[in-house]
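The values are calculated or read from the model by the stated rules, or taken from the named source; none is laboratory data. Since the structure is predicted, the reported quantities are computational estimates derived from the model, not experimental observations. Cβ atoms come from the backbone with ideal geometry, glycine included; neighbour counts cover every protein chain shown.
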Amino acid sequence: MKKNVVLGTGPAGLTAAIYLARANMNPFVIEGPEPGGQLTTTTDVENFPGFPDGIMGPELMDNMRKQAERFGTEFKRGWVTGVDLSKRPFKIKMEGMEDIETESLIISTGASAKLLQIPGEKENIGRGVSTCATCDGFFFRGKKIIVVGGGDSAMEEAHFLTKFAAEVRVVHRRNELRASKIMQDRAQNNPKITWSLNHTPVEVVAGDKGVTGLKVRNNQTGQEEIFETDGIFVAIGHTPNTSFLNGQINTDDLGYVKVTPGSTVTNIPGVFACGDVQDHKYRQAITAAGSGCMAALDCERFLEGEAVHDWSESL
Ligand code: NAP
C-alpha cells in the first residue's frame, strides 16, 4: 500500500511530489497521457520566476521531474480508469494493471483547453496557434491576431492581447456573444478589437513559418474566406480532467474539484486537489506549483494525524 499517490505530472503534481519526497513521504506519482501537462505544449516560458532569460516549457517540466526524482519520488506511467474513494485506503484503478491502494491522494490532473478540432489546428500549436494569451501574447507584438470564441475567456484574452497586437479580430460562430455584459462592453469599447460574428472557423492555414490565416465560413451566406493573421488564440473553454472521479468528489457546475478556500482540502478527508483541476480562474504554472506545495503540506499534516481542516465545514 502507498502512503501517498499523486495523479498528474504538471507543475502542481510535480511540486507536490518534490515537497512530499523531501518530507520522506515516499510519493508515488502516476503520469497520465500528457506527461508534464500543458506546459509541454508551449515553447518559451518567460513568466516563471527564477528564469531571467526564459525557459522552454518542456525543459521546465523535465527539470521539475528530475527534482522530484532526486528526492526519491517513484513514477508510474499509466491511464487511471477510475477510483474508489468510499473508504480508506483509497483504490486507484489502472488500465491493464493491478489496483493501487493508498492512504492519501492528491489530484492534480489539470484541465485541457478545448480545441476547435479543425484541420491545421493541432499541428500548428506553438507555431501560431495558442490556447493561452497570458503565456504567448508577448510573442505577437505589433502583429495581427484572431481570438476564437464568444465567452468571457475570449473577451478577456482579446482585451489582454490588444496590449501587444496591432489588431485583434474576434471570430465567433453565432451572432450573439455568450460573455457577461461587463466583459462584452469592455471588449466592444476597445478600438483595437474588430468583430466577425456568425463565422465558423473551418481550417487553420499555415506555411513554413507557421500560421498565416484562418479559413472561416460565413454562416449567413455559406461563403468561405480566409482571414489573414499571424496568430490564432482559441478561447472556447477548458475541461477539467475529472471524469475518472465518476462523481465521487464534490465539483462545481463546470466540473472543477471544490476545495476549501485557502487550502487544497476536498470534501473527502485524505483527498486533496491542486492546480488547474480546482482552479479555472488563474490557470498559471506558478499558481499551480504554489497550490501543489499547499497540497503536499496539507497531505503531510493529514498523514501525521494533525487536523488540517474542520471537516464538518460544508463544501
Ligand atoms: P464558455 O463560457 O463556455 O464560452 C465558450 C465560447 O466558445 C462560447 O462562446 C462558445 O460558443 C464557443 N465555442 C465552444 N465550442 C466551440 C467550437 N467548437 N467552435 C467555435 N466556438 C466554440 O467558456 P469560457 O469563456 O472559457 O468561460 C468559462 C467560465 O469561466 C464561464 O463561467 C466564465 O464566466 C468564466 N470566466 C470568467 C472570467 C472573468 O470573469 N474574468 C474570465 C474567463 C472565464 P457558443 O456561445 O455558440 O456556445
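Listing for the model above:
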read-out: Members of the range 240-254 found to be out of contact with any Ser or Thr (no Cβ under 8 Å at 6 or more places or on another chain), within 13 Å of the ligand (Cβ to nearest atom) and touching a residue at least 12 places away in the same chain (Cβ under 8 Å), listed by number; value: Leu254
read-out: Subset tally (residues that are within 11 Å of the ligand (Cβ to nearest atom) and outside any loop (DSSP other than H, G, I, E, B)) for the range 159-183; value: 6
read-out: Answer residue from the range 205-239, given it is assigned to a strand (DSSP E or B) and without any contact (Cβ under 8 Å) to a residue 12 or more places away in the chain and is farthest from Ile146 (Cα to Cα) among those; value: Gly207
read-out: Looking only at the range 138-158, and only at residues there that are more than 14 Å from the ligand (Cβ to nearest atom) and surrounded by 21 or more Cβ atoms within 10 Å (Cβ to Cβ), the one that is farthest from Ser196 (Cα to Cα); value: Phe140
read-out: Residue in the range 103-121 that is farther than 29 Å from Gly237 by Cβ and assigned by TED's automatic domain parsing to the domain that holds Ala296 present; value: yes
read-out: Failed item, numbered, when Ile286 is tested on (1) among the hydrophobic types (A, V, I, L, M, F, W, C); (2) away from the ligand (no atom under 16 Å from the Cβ); (3) modelled with pLDDT of 95 or more; (4) buried (at least 17 other Cβ atoms within 10 Å of the Cβ); value: (4)
read-out: Criterion (closer than 14 Å to Thr15 by Cβ and modelled with pLDDT of 95 or more) met by exactly one of Ser86, Ser108, Ser104; value: Ser108
read-out: Strands (runs of 3 or more DSSP E) wholly inside the range 57-136 containing at least 2 residues that are closer than 25 Å to Leu161 by Cβ; value: 111-113
read-out: Among residues of the range 205-231, those that are within 12 Å of the ligand (Cβ to nearest atom) and either within 27 Å of the chain's Cα centre (by Cα) or surrounded by 17 or more Cβ atoms within 10 Å (Cβ to Cβ) (or both), counted; value: 3
read-out: Asn26 being without any contact (Cβ under 8 Å) to a residue 60 or more places away in the chain and either outside the structural domain of Leu105 (by TED's automatic domain parsing) or over 19 Å from the mean Cα position of the chain (by Cα) (or both); value: yes
read-out: Residue list for the range 249-270, restricted to those being surrounded by fewer than 16 Cβ atoms within 10 Å (Cβ to Cβ) and touching a Leu at 6+ places or on another chain (Cβ under 9 Å); value: Asn250, Lys258
read-out: Some residue of the range 175-190 being closer than 27 Å to Thr221 by Cα, in contact (Cβ under 8 Å) with a residue 60 or more places away in the chain and either among the aromatic types (Phe, Trp, Tyr) or buried (at least 19 other Cβ atoms within 10 Å of the Cβ) (or both); value: no
read-out: Residue in the range 271-282 that is farthest from the chain's Cα centre (by Cα), counting only those that are surrounded by 20 or more Cβ atoms within 10 Å (Cβ to Cβ) and farther than 17 Å from Gly32 by Cβ; value: Val271
read-out: Residue among Val234, Val202 that alone is over 29 Å from Asn47 (Cα atoms) and either buried (at least 18 other Cβ atoms within 10 Å of the Cβ) or within 16 Å of the ligand (Cβ to nearest atom) (or both); value: Val202
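Yes or no, residue by residue, for (1) out of contact with any His (no Cβ under 6 Å at 6 or more places or on another chain); (2) within 25 Å of Met97 (Cβ to Cβ); (3) of a type in the set (S, T, N, Q):
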| position | (1), (2), (3) |
| --- | --- |
| Thr9 | yes, yes, yes |
| Leu14 | yes, yes, no |
| Phe28 | yes, yes, no |
| Gly36 | yes, yes, no |
| Thr40 | yes, yes, yes |
| Val45 | yes, no, no |
